[in-house]
Amino acid sequence: MPSSIPSLPITSPSRQPLARPLLPPLSKSFPLSSCGFLDRSSNVKTKSIGFGWRNRGWSCLSSINGVVSNFDPSESGNVKKRNVVEHILLLKANVDITDVEEKDMLDSLYTSQYQMRGVIAVSLGRIEEHNADNFTHAVYMRFQTKEDLAKFYMNPYYSKVLKEHVMPHCYELMSVDYESEVEDDILPIFRRGEDFNYGVETVLLLSTTESAVGNATEDALATLKKLISDFRSIIVQATQGLNFNLKDYTYTHAAVIRFPSVDAFELFRESSEYKDMWRLKFQPITKKALLIHFSVDPVGTELM
């Protein structure tokens, strides 16, 4: 087991990673719980713990096949699910990017959803701490089907956004795509409603070893699913799955977890249950890992 997480190769030696003095460098050593520290100065609004999709007070969450979604405890029966496709785009911005250029880049990526069919949810922002791979910004998008995602990749408008608004300010991109399930309801599918207006978007990427014994990988992922369920009162939504993007296969698995606040994110990430899960289940089978998060603000305010 290596003592540090290896970095991705830099495709342009003449350009260096974006350096932000407010984002202190982190330990690169395992376990994953030490891959990053919270920026306690974050101005993300804090919500009370215990909420539901429909703002009905305290609610529970169900966990089925790697997905967590809220449901009213007064409702009986199984929760109907729908497949969704999750797309993660990670950027390495140039060190000399200006605030105006950064805003134009993120605005262009965010508003692309209004110019193309298939995108049903978007969140994006500046990663809030340094990471071993030197990624500086993250974009999350949701699609209904793999076919919608394929059309998105081939859309000339998206290619234009990348060419004119992203690549002039970034020296490397990486994409991860996976399929998962969410509750078959308009709010969780489209990530609409007050619960999704703001919070902390967390992305966990893993590359498992080829020598993992038996069902060790499946067991680790099942443990993560159970842990998310155990922390259901402080998680808005979570999905996880196998990366099917063959062009960018640095990471084999991915998870996206939305927390309502930095406090909720910290409670989850600093818990002994999370650290034990990583040490016992993931560290023995993981050759590379990345945990990043960024703030989400209501539409109409700053994107970052």
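So the values come out like this:
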item: Strands (runs of 3 or more DSSP E) wholly inside region 160-277 containing at least 1 residues that are polar (S, T, N, Q) and surrounded by fewer than 21 Cβ atoms within 10 Å (Cβ to Cβ); result: 170-183, 199-208
item: Members of region 121-159 found to be crowded, with 21+ Cβ neighbours inside 10 Å and assigned to a helix (DSSP H, G or I), listed by number; result: Leu149
item: When residues of region 91-120 are limited to those that are of a type in the set (Ser, Thr, Tyr) and under 21 Å from the mean Cα position of the chain (by Cα), the one surrounded by the most Cβ atoms within 10 Å (Cβ to Cβ); result: Ser112
item: Any hit, region 188-196, residues being more than 20 Å from the chain's Cα centre (by Cα), farther than 25 Å from Arg117 by Cβ and touching a residue at least 40 places away in the same chain (Cβ under 8 Å); result: no
item: Subset of region 62-115 that is at pLDDT below 95 and aliphatic (A, V, I, L, M) - its residue that is nearest to Ile234 (Cα to Cα); result: Val68
item: Flag for Thr239 being at pLDDT below 95 and closer than 25 Å to Met174 by Cβ; result: no
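The values are calculated or read from the model by the stated rules, or taken from the named source; none is laboratory data. These figures come from a predicted structure and were not determined experimentally. Neighbour counts run over all protein chains shown; Cβ positions are idealised from the backbone, glycine included.
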